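The values are calculated or read from the model by the stated rules, or taken from the named source; none is laboratory data. Fair warning: this is a prediction, and the values are worked out from it, not measured in the lab. Heads up, the Cβs are rebuilt from the backbone with ideal geometry, glycines too, and the neighbour counts pull from every protein chain shown.
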Amino acid sequence: MKILLIISSSVGCYKALDLIRIIQKKEIDFEIIATKNTFQFISKLLIEGISKKKIYSELFDLDMEQNIGHIELARSNTHIVVYPATANIVSKFAYGICDDLASTCMIASNKPIYFAPAMNKEMWANPLIQKNIKSCEENGHFFIGPDTGSLACGEYGSGRLVEPTEILDQLK
C-alpha cells in the first residue's frame, strides 16, 4: 500500500499530523501534498518535521516538473486520501478544475479518491455541495464521514472531520 495524502485548508488539518503518525506506525509508504492555504493553519516545517518527507504544494516546481512530477505523484500510489476535504477541493474535483498541484494530481489519477469532509454544517448540507459529492461517488470515489458534533465555528452539526484512526480502516 502507498498513500498520497492531500491535506487541504480546513481548521481540522492539524489532525492530518496524527494521521501521518498512524501511517508511519503501520509502516505504510506515503507522499504528501498540502494546498497553499493549508499553511495558514499548520506550517510546512511542522508537517515535514513529523513526516520526515518532502511536502509538495507547488504545481510549477521546476525540479519536480522536469519529470512531469504531478503525473508521478498521481499514479505512484494505491490510494489517494484527502484529509481534510473542504467544500472547495470536493467541488473543484467534481468539476474537473485543475488550478493547483492537489487538484491536478487528483484529476490525473487513475485511483479512487477517499475524501474525509470537514466543513460547517450549512456548507455540508448545501445542495450544491451534495450534488458535487454525489457526482464524485458516481465516478467511483468515496467519502469517509463527516461526523456530527461540535464544529470549529462553535455550532453543532454534521461536518466534523472524522478521527484519523477511522481512515485506514475504510480504504478498500
Matching residues, the stretch 25-62, being under 23 Å from THR78 (Cβ atoms) and either part of a strand (DSSP E or B) or small (Gly, Ala, Ser) (or both): ASP29, PHE30, GLU31, ILE32, ILE33, ALA34, SER51, ILE55, TYR56, SER57
Out of (1) closer than 24 Å to PRO112 by Cβ; (2) touching a residue at least 40 places away in the same chain (Cβ under 8 Å); (3) of a type in the set (D, E, K, R), the one GLU27 does not meet is (2)
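Just a yes or no: is a residue in the stretch 135-148 part of a helix (DSSP H, G or I) and in contact (Cβ under 8 Å) with a residue 12 or more places away in the chain?
Going residue by residue through the stretch 135-148, those that are part of a helix (DSSP H, G or I) are 135-138.
Filter again for in contact (Cβ under 8 Å) with a residue 12 or more places away in the chain, leaving 135-136.
Scanning the stretch 135-148 turns up at least one residue that is part of a helix (DSSP H, G or I) and in contact (Cβ under 8 Å) with a residue 12 or more places away in the chain.
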Could you tell me which residue of the stretch 80-106 is surrounded by the most Cβ atoms within 10 Å (Cβ to Cβ), considering only residues that are of a type in the set (Ser, Thr, Tyr) and under 12 Å from SER8 (Cβ atoms)? TYR83
Anything in the stretch 75-98 that is in contact (Cβ under 8 Å) with a residue 24 or more places away in the chain, over 13 Å from the mean Cα position of the chain (by Cα) and part of a loop (DSSP other than H, G, I, E, B)? List them, or say none. SER76, ASN77, THR78, TYR95
Does GLU72 count as at pLDDT below 95 and either part of a helix (DSSP H, G or I) or not basic (Lys, Arg) (or both)? yes
